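**Student:** Before we start, here is the structure in question, set down as structure tokens.
The values are calculated or read from the model by the stated rules, or taken from the named source; none is laboratory data. Computed from a predicted structure; not experimentally measured. Heads up: the accessible areas ignore ligands, DNA and RNA and are worked out on the full protein's heavy atoms, side chains in. Shrake-Rupley method; radii C 1.70, N 1.55, O 1.52, S 1.80 Å.
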Amino acid sequence: MKTTVASSMIAAIEYNSETFELIVHWVRGGQQSYYNVPKEVHDAFITADSVGKFYNSNIKGKYALPVEEEL
């Protein structure tokens, strides 16, 4: 499920409830995946008064990032 949000830094928030993957889509392009994010955190994120502040306080640095594959 992808939700467009009103933010100067975040364009949309996507969540897969089967894999607990949260994808943040940036206004300036690109995206970042976070793993093992509970649905309750996603729900609070998309309804936050400031999704940017919520991201900085509750997502960034708190959940697993994708592991880069070794060549």
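**Student:** Once amide H atoms are built 1.01 Å from N in the peptide plane, which residues 5 or more positions from A11, or in another chain, come under 5 Å H to H?
**Tutor:** For A11, the qualifying residues are H25, W26, V27.
**Student:** Sort I13, I46 by heavy-atom solvent-accessible area, probe 1.4 angstrom, most to least.
**Tutor:** I46, I13
**Student:** Give the aspartates and glutamates reachable from K62 as a straight Cα distance under 19 Å; neighbours fewer than 8 places away on the same chain don't count.
**Tutor:** In chain and number order, the partners are E14, E21, E40, D43.
**Student:** Let me ask another. What full-extension length gain, to one decimal in nm, is calculated for Q31 and I46 as 0.36 nm per residue of separation minus the Cα-Cα distance?
**Tutor:** 3.8 nm
**Student:** Could I ask something else about it? With springs only between Cα atoms under 10 Å apart, run a GNM on the chain and tell me which of N56, N36, N16 wobbles the most.
**Tutor:** Ranking N56, N36, N16 by mean-square fluctuation puts N56 first.
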